[in-house]
Structure formats: C-alpha cells, structure tokens
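FYI, it's all coordinate maths here, none of it is from the lab. As the structure is a computational prediction, the values presented were derived from the model and not from experiment. Because the Cβ atoms are built from the backbone with ideal geometry, glycine has one as well, and the counts that use them run over all protein chains shown.
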Amino acid sequence: MEKLILIKYGELTTKKDNRKFFVKMLENNIQNKLANINITIEKTLSRMYIKYDKKNEQEIIEKLTKVFGIHSIVICDNVNTNIDDIKNKVIEILKEKQFKTFKVSTKRSDKNFPITSMEFNNIIGGLILKNYNCKVDVHNPELLLNIEIRKEGTFIYSDEIKGLGGYPVKVQGKGMLMLSGGIDSPVAGYLALKRGIDIECMYFESPPHTSLAAKNKVIKLAQTLNEYTQNIKIHIIPFTKIQEEIYKKIPGNYNITIMRRMMYRIAEKLSKKRNCKVIINGESIGQVASQTLSSMIVINNVTNMPVIRPVACLDKLEIIEISKKIKTYETSILPYEDCCTIFVPKHPIINPNLETAINYEKLINYEELINECIKNIETIKIEKQEEELL
C-alpha cells in the first residue's frame with residue numbers, strides 16, 4: 001500500500017488513434033517539469049501515476065498545476081484489489097477527516113472484480129455509517145470518497161485539485177507569438193499553449209523611441225509564460241528604421257496599417273525560418289483601429305500563413321481576468337511604451353483600403369529594410385526565472 005499522485009487526463013480521453021501520442025507527450029512534459037525531483041511515472045491510456053517522496057509533495061503539486069493536458073490532480077492511496085484491504089484503508093483515511101455527511105462513488109473499470117459499483121457503494125457506505133457519526137448526502141456531501149477499481153490496482157481518494165486542462169504543449173507543433181508589452185498578447189500566448197501549441201516569441205523594439213525597460217518588461221512576460229512550457233525563445237526585432245520610414249513618408253492615418261503589414265511580413269519570414277506553423281497575436285476584434293474587421297483584412301493580406309487570435313472574441317475585462325490569473329497583468333500595466341503605441345496618430349483609419357495601402361508601401365524600400373531586420377535579430381532563451389529586470 002502506498003500514496004500516489006494520480007493524474008486524470010480530461011480532454012485527452014476524447015482522442016482515439018493518437019491518444020497514445022498525447023499521453024506520451026504529457027508524460028514527457030511532466031518529466032521535464034519535475035526534472036529536479038526524484039519521481040517515477042507509470043501510465044495507462046486512462047490514468048497516470050506518480051510515485052514520489054512525501055517531502056516533495058507540495059512542490060510537485062504546484063508544478064503540476066502549470067502543466068497543460070491535466071484535468072485534475074489527486075493524492076490517493078493505492079491498495080490491493082481486495083475487499084478487506086479496501087475497507088481497512090477507508091477506515092484509516094477517514095480517521096484524519098472531519099465530516100457530518102458523505103457520499104461514496106465507486107468506479108469499477110476492472111470487471112473481474114465481482115461486486116458492481118452500486119453494490120460496493122452500499123458496502124463501503126454501511127462501513128462508514130457503522131464507524132462514524134454521520135449520514136449519507138448524495139447531492140452536497142461534506143466528504144466525497146472516490147474508489148477506482150482498475151486492473152492496475154484500487155485507488156482511494158477524497159480531494160481533487162483542478163488542473164489546467166487543454167492539450168499537452170507541443171502536440172500541435174510550434175507557433176510564433178507576436179509578444180508586445182500589453183495585456184492581450186501574453187494571454188493569447190497562454191491560450192495557445194493550452195491548445196497544445198508550443199511558442200516562440202517575437203518583440204519589435206524601436207530604440208531610442210522604446211526603452212530598455214520596455215524590452216525587459218517583455219522578457220519578464222516571457223518568463224511568466226515559460227512556467228507553462230520550457231525554454232521559450234524571444235526574438236528581438238530591430239524595427240526603428242522601418243518605423244521611421246513609415247512615419248516620414250506615409251500619411252499619418254495609414255501609419256498603423258502599414259506598420260502592422262510590415263510586422264506580419266517579418267513574422268511570416270521568421271516563422272518559416274523557425275519552423276513555426278502559425279502566427280499568434282493578441283488582437284481583439286474592434287479594440288483598436290488596427291483590429292476592426294476591415295483593418296484585419298488589409299493587414300492580413302500580406303501573409304498566407306495562418307494567424308491565430310486566441311482573444312479575438314473576448315472583451316477587455318475577460319482578457320484582464322485571465323491575465324491576473326496567470327500573473328502577467330501587473331507586468332503588462334507597467335508604463336513602458338512599445339513600438340505600437342509610441343507614434344499612434346490622432347485619427348488612425350479604421351476602414352483602410354487595400355489598394356491605397358499597397359500604393360503607400362511603394363513609397364518605401366521595405367523589402368530591403370525587412371531583410372535587414374531579419375539579419376539583425378537578437379535571440380534570448382528563457383531557461384529559468386531570472387532576477388528582476390525592472
């Protein structure tokens with residue numbers, strides 16, 4: 001008999017032919033997350049079991065709550081599938097609990113066990129009533145005692161810790177996140193990770209118009225996202241020359257439209273170079289002039305690569321709520337401007353015309369400038385939480 005951490009998969013169980021691949025990727029991600037802790041993992045297509053040292057329990061739980069693909073985390077007792085062993089363990093477990101009402105929930109996936117789930121609920125329920133001053137409440141019990149009778153053993157537990165859900169990071173390949181210093185793009189990165197897309201990040205800097213503090217702010221945001229994956233790379237794009245050319249030669253109301261078109265061109269080139277399948281950003285429909293549907297059509301026209309906008313249909317309050325949950329909000333609101341905000345015109349166009357945008361772009365030699373940007377990218381690898389940069 002021993003204590004284990006039991007991992008429930010949730011959405012992974014909807015997979016069929018590739019379920020084994022998803023479970024293996026989850027195992028790999030857990031192994032990487034717990035690399036500094038002595039553990040042993042055993043898995044089936046339905047459950048994963050982690051053997052561990054009791055002294056590391058809290059650290060393991062905290063790390064597992066940041067692994068996508070886990071529906072819930074359970075500290076359970078593993079006993080032999082023997083009626084007397086199960087009864088004895090139930091009595092032992094309940095000695096440490098305080099409760100007036102309870103419910104027993106048995107799941108019998110091992111059909112060789114001769115007693116049905118309902119019958120076993122009654123047997124264990126009777127045992128509890130005999131030994132404790134309590135009563136049954138099937139609707140809102142203070143204690144829910146779960147008994148899973150499986151081929152690999154019987155597992156008894158009363159508490160579940162909610163996991164992040166989603167898919168294991170990397171099962172969908174890799175995407176390039178356009179990470180600014182704002183609230184929206186880190187949330188978009190988090191939601192992309194939740195759907196199994198690993199990420200690299202790109203950040204456009206325009207020194208001397210943007211500061212070192214603004215760059216460090218983005219690095220700190222990437223460090224926070226790195227807690228949900230590992231070894232994120234940030235590609236720092238030197239955007240000053242392109243941005244200055246745009247603001248010198250193109251009418252003010254189209255500045256943002258043209259700037260975003262340039263960013264998408266760079267994002268596509270860098271994504272292909274880094275074997276990313278999609279571009280990811282924090283655009284939210286209608287939030288600013290460049291995020292109206294008309295603007296998106298004109299801006300998106302420069303790339304054939306899929307663009308994923310995880311927060312597109314969320315309002316600002318919903319995005320802020322997620323940013324607070326993942327602890328990027330306080331960093332995002334620090335007052336350091338990025339290149340998207342430093343030259344915002346008073347009246348940016350909200351319904352740009354594609355032909356007009358193309359004609360304006362002819363006023364600058366953008367292909368040469370873009371190639372120069374790509375050539376001079378600085379790449380930073382986030383391996384662990386660094387010291388405070390701000």
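Data table
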read-out: Rough spin-label spacing in nm, given labels placed 7 Å along Cα→Cβ, for residue 354 and residue 325; value: 3.7 nm
read-out: Förster-model FRET efficiency, 56 Å R0, residue 118 and residue 304, C-beta, rounded to 0.05; value: 0.45
read-out: Length added when fully stretched, residue 18-residue 40, from 0.36 nm per residue minus Cα-Cα; value: 5.5 nm
read-out: Inter-site label distance for residue 87 and residue 247 at 7 Å from Cα along Cβ, in nm; value: 8.0 nm
read-out: Ranked packing of 128-134, 34-40, 319-325, most packed first, by mean Cβ within 10 Å; value: 319-325, 128-134, 34-40
read-out: Low-density loop positions, trypsin sites (Lys or Arg not before Pro), the range 1-110 - DSSP coil, at most 12 other Cβ in 10 Å; value: 16, 95, 100
read-out: Top of 70, 91, 280 by mean-square fluctuation, Gaussian network on the chain, Cα under 10 Å; value: 91
read-out: FRET efficiency estimate (nearest 0.05) - Cβ-Cβ, residue 28 to residue 97, R0 56 angstrom; value: 0.95
read-out: Residue pairs, from the table 16/54; 55/325; 33/135; 16/87, whose Cα atoms sit over 32 Å apart; value: 16/54; 33/135; 16/87
read-out: The range 285-337 and the range 26-104: distance between their alpha carbon centers, rounded to Å; value: 38 Å
read-out: Simple spin-label estimate for residue 378 and residue 110 in nanometres, 7 Å along Cα-Cβ; value: 5.9 nm
read-out: Calculated diffusion of the range 46-153, Stokes-Einstein form, Kirkwood radius summed over Cα pairs, 37 °C and 0.692 mPa s, µm²/s; value: 212 µm²/s
read-out: The chain: mean projected area of Cα convex hull, nm²; value: 22.4 nm²
read-out: Over the range 216-309, volume per residue of the alpha carbon convex hull, in Å³; value: 126 Å³
read-out: Candidates 337, 27, 57: whichever shows maximal mean-square fluctuation once the chain is modelled as a Gaussian network with Cα springs under 10 Å; value: 57
read-out: As computed over the range 174-382, the Cα convex hull volume per residue (Å³); value: 109 Å³
